[in-house]
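The values are calculated or read from the model by the stated rules, or taken from the named source; none is laboratory data. All values derive from a computational prediction rather than experimental measurement. Cβ placement follows ideal geometry from the backbone for every residue including glycine, while neighbour counts extend to all protein chains displayed. These area figures cover heavy atoms from the full protein model, side chains too; ligands, DNA and RNA do not enter into them. Shrake-Rupley method; radii C 1.70, N 1.55, O 1.52, S 1.80 Å.
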Amino acid sequence: MMKILVAPNAFKGALSAGRAAECIARGLRRSGLNCQVEIMPIADGGDDTLEALVAAGGQVKPVKVQDPLGRPIEAELGLLADGQTAVVEMARASGLKLLKPEERDPMRTSTFGTGQLIAAAVDQGARSVIVGVGGSATVDGGSGCATALGVRLLDQDGRPVPPGGGGLGLVRRIDVGGLHPGLDRVKILVACDVDNPTLGPRGAAAIFGPQKGASPGQVRELEAGLSHFYGLVAETLGVDVRRTPRAGAAGALAAGLKAFFGAELRSGIELVLERLDCRRRLQGVDLVVTGEGRVDSQTLGDKGPIGLAREAGKQGVPVIALAGGIGDGEDELAAAGLEAVLSIVPGPLSLEEAMAGAAELAEKAGVRLGRLLRLGSRLS
């Protein structure tokens, strides 16, 4: 009997990682393949990081926070079964999915709500906080998060600067004397889904600003603001994160967490796989089936499927990916451990149709894959 581990990432905007895993597993079981199927939803710091980690043991608690534009909303905080670790998914408080397209404005959007979630984790007694930083609506350098946790950012007249990336260039003094109590006892781990630095042509403003609504002129203003702000941070705190790999994640929220609170910036998928005890879960497995909404050359940049493929490769377990869309880089992906990439879309469909029918498409793809595996076993 073949043992298969189904471990997809989220199909962004269509299926959570957990739902995708259930659909693919159901399809494999329907296919007639003689197999034992287990599921292990994964995440890389982006969508569903909280869900993936809590699924292994823990609970979710509601927390009232501010959304990227300062409006009151209810977000979620994960508390893991060890009683010591909290999980914050920044997109649930400061994410792009919380805004209408016309509301996207990184000059104004803030990570303040993410700071509120971290404060709630500290108040719950957490000694370690994992912060997943994918899906942000912000390029504020983590200034909003820092403000929510007690940092004061003041202009030349000693007044608090306005929230958002547009306020970074106005900061003239940084006061860290009133930090949230208990932060000194907490270790913050940042689960990064990209490796971009804070500044430069691959930095937070240049690469991610346009995705969050910035015009070319605003991208230049955001870059100048981040450069000024993190120059002042280096002078004030003695911590320079302007060229630090992964610090540009979430509009440089990762940079702020490292500079102000000593956070450790980690590969999101590596951190999640550690917490899921992936090495043990791979023992005795014959095949891993992973996937996400789109698999292409960007997947090589430490995204979930490739991180899982690398871990599986250490144990000699082959990996197949199912994807909503397939782009460039298939040869490079194969060389990195994704031995085959198959689309769940069997024919021409609009993006809207594919996303609406993603659950059925994923299950049918599982059936087709199972039948191919069954045929392969007969031919071998």
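Numbers at a glance
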read-out: Pair list, Cβ < 9 Å and 6+ apart or interchain, from the stretch 214-226 residues that are touching a residue at least 60 places away in the same chain (Cβ under 8 Å) to residues that are exposed (fewer than 14 other Cβ atoms within 10 Å of the Cβ); value: none
read-out: Exclusive hit being hydroxyl-bearing (Ser, Thr, Tyr), over 16 Å from the mean Cα position of the chain (by Cα) and surrounded by 19 or more Cβ atoms within 10 Å (Cβ to Cβ), set Thr299, Thr290; value: Thr290
read-out: Condition check for Gly164: at positive phi and open to solvent by 10 Å² or more (accessible area, probe 1.4 Å); value: no
read-out: Helices (runs of 4 or more DSSP H) wholly inside the stretch 214-313 containing at least 2 residues that are touching a strand residue (DSSP E or B) at 6+ places or on another chain (Cβ under 7 Å); value: 216-237, 249-261, 268-275
read-out: Among the residues listed as Gly213, Gly238, Gly178, the single one being open to solvent by 20 Å² or more (accessible area, probe 1.4 Å), over 25 Å from the mean Cα position of the chain (by Cα) and at positive phi; value: Gly238
read-out: Condition met for Leu96 (touching a helix residue (DSSP H, G or I) at 6+ places or on another chain (Cβ under 8 Å), under 22 Å from Gly262 (Cα atoms) and surrounded by 15 or more Cβ atoms within 10 Å (Cβ to Cβ)); value: no
read-out: Lone unmet requirement of (1) open to solvent by 20 Å² or more (accessible area, probe 1.4 Å); (2) within 22 Å of the chain's Cα centre (by Cα) for Asp140; value: (1)
